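This report refers to the structure that appears directly beneath it.
The values are calculated or read from the model by the stated rules, or taken from the named source; none is laboratory data. All values reported here derive from a predicted model rather than from experimental measurement. We place every Cβ from the backbone using ideal geometry, glycine too, and count neighbours over all the protein chains shown. The accessibility values were calculated without ligands, DNA or RNA, using every heavy atom of the protein model including side chains. Shrake-Rupley method; radii C 1.70, N 1.55, O 1.52, S 1.80 Å.
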Amino acid sequence: MASRTYRMGVIGTAWAAAAPLPAFSTYEGIELHAIASGRRERAEAAAEKYGIPHASDDYREMLAMPELDMVYIAGPNELHRPMVLDAAAAGKHILCEKPIGLNAAEGREMIAAVEAAGVAHVVCMTMRPFATHAYARRLVAEGVIGEPRHYSYTQFAGWGGRGWGWHRDASRGGGMLMAVGSHYIDMAREFVGEWASVSCELRHWTEEVPDAEGTMHRVTADEGFALLGSSRSGAAITIHTSANVPGVRGRRVELYGSEGGVVIDGDELGSGATVRVSRFSEGGQPRVVEVPPPDDPPEVAACAERRFGTMAHALIRAIESGEPQEPNLVDALRVQEVLDAAVRSAREGVVVRLPDPPES
């Protein structure tokens, strides 16, 4: 339980209104105090819906509020860096969307800023709290599947085309690699350890899309990608996804080790997940298992959106304990280094070796 109520400011209304705002508005220990958007009417609409006292079209104006304790940053990827730097300078604790920014250099600058300011920070790697993922992590930790050797994620979502926006512009951090790949690059780190090498192909098939006024814009961001890699432990990694195809099969996560494996079909955000486990010691035949329910603290259990409640809980723990909580900006930097390597690999047609992460 939080020792007191923390006043939160929110930057962004597009994605934030879909899941984060319902989560924060029902998390005991957080008061939604202010919201900012580039379009004031959207900030005012969200403020009215969630009973937020202050709405603005200038996030810096919001950060200047002395009573504000923390800020959730949900602006476009290209704005994560300046928003984090401004929030740190204002002394606000930070909950930031992934990825960390446009490249690892931005990430290192952001980490230096939050460390200098002494503010707590958590990054919304919201796939981590899934009960199925926690179960797979437990199988690894307990040695049930032996030495992890293969990690694979595939999804061909059938989300179809979208109109023009920053998510269609690679220079602004758009594309499936940044949006989806960042989550599963992070998951690979949890399952098989830090990345050692990356080879990537990026693809987009749509050449132009119209904006709201009908003006056509050239698409530069990827609509699908195939990423191969290896971990420092020697495991093989594959991540393959596309949005611009008919949806036939949903998400699949596969993790295989020297003694067994676990396969997750589906997820908690859709119609549910089926989890199968196989072990050589049990004949090697896959069996469907019942995943234990998450052991959430009361604030998270009562939250409208568990995945974001978990992120908020981690930030409050970091504030009150003075100890870093994961996933934070350092975790996000490790992911961004892999993203940078993937982009370079696709551009140059080479396998990119990642440097050893610094000793913690």
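Brief remarks follow.
- Residues of region 66-109 satisfying the condition of being among the aliphatic types (A, V, I, L, M) and open to solvent by 30 Å² or more (accessible area, probe 1.4 Å): L79, L85, A89, A90, L102, A105
- Out of L68, L32, sole residue that is assigned to a loop (DSSP other than H, G, I, E, B) and within 20 Å of L315 (Cα to Cα): L68
- Check on L21, hydrophobic (A, V, I, L, M, F, W, C), in contact (Cβ under 8 Å) with a residue 24 or more places away in the chain, open to solvent by 10 Å² or more (accessible area, probe 1.4 Å) and not in a loop (DSSP other than H, G, I, E, B): no
- Taken over region 223-249, the criterion of being more than 20 Å from E194 (Cβ to Cβ) and touching a Lys or Arg at 6+ places or on another chain (Cβ under 6 Å) is satisfied by G224 alone.
- Residue within region 272-281 that is modelled with pLDDT of 95 or more, hydrophobic (A, V, I, L, M, F, W, C) and touching a His at 6+ places or on another chain (Cβ under 9 Å) present: no
- Residue count for region 324-343 under the criterion of being part of a helix (DSSP H, G or I), within 12 Å of the chain's Cα centre (by Cα) and not hydrophobic (A, V, I, L, M, F, W, C): the result is 2.
- Taking strands (runs of 3 or more DSSP E) as the structural unit, those lying wholly within region 75-169 and holding at least 3 residues that are under 19 Å from A235 (Cβ atoms) correspond to 148-156.
- When region 113-151 is limited to residues that are aliphatic (A, V, I, L, M) and over 21 Å from P324 (Cα atoms), the one that is most open to solvent (accessible area, probe 1.4 Å) turns out to be A141.
- Odd one out for W164 among (1) open to solvent by 60 Å² or more (accessible area, probe 1.4 Å); (2) under 24 Å from G261 (Cα atoms); (3) touching an Asp or Glu at 6+ places or on another chain (Cβ under 6 Å): (2)
- Pairs with Cβ under 6 Å, 6+ apart, first in region 105-116 and modelled with pLDDT of 95 or more, second assigned to a helix (DSSP H, G or I) and polar (S, T, N, Q): G107/Q336
- Note on region 214-251: residues that are charged (D, E, K, R) and buried (at least 16 other Cβ atoms within 10 Å of the Cβ) total 3.
- Of everything in region 170-196 that is in a helix (DSSP H, G or I), farther than 9 Å from A221 by Cα and among the small types (G, A, S), the residue that is most open to solvent (accessible area, probe 1.4 Å) is A179.
- Of all residues in region 113-135, at least one satisfies being under 17 Å from the mean Cα position of the chain (by Cα), closer than 30 Å to S278 by Cβ and of a type in the set (G, A, S).
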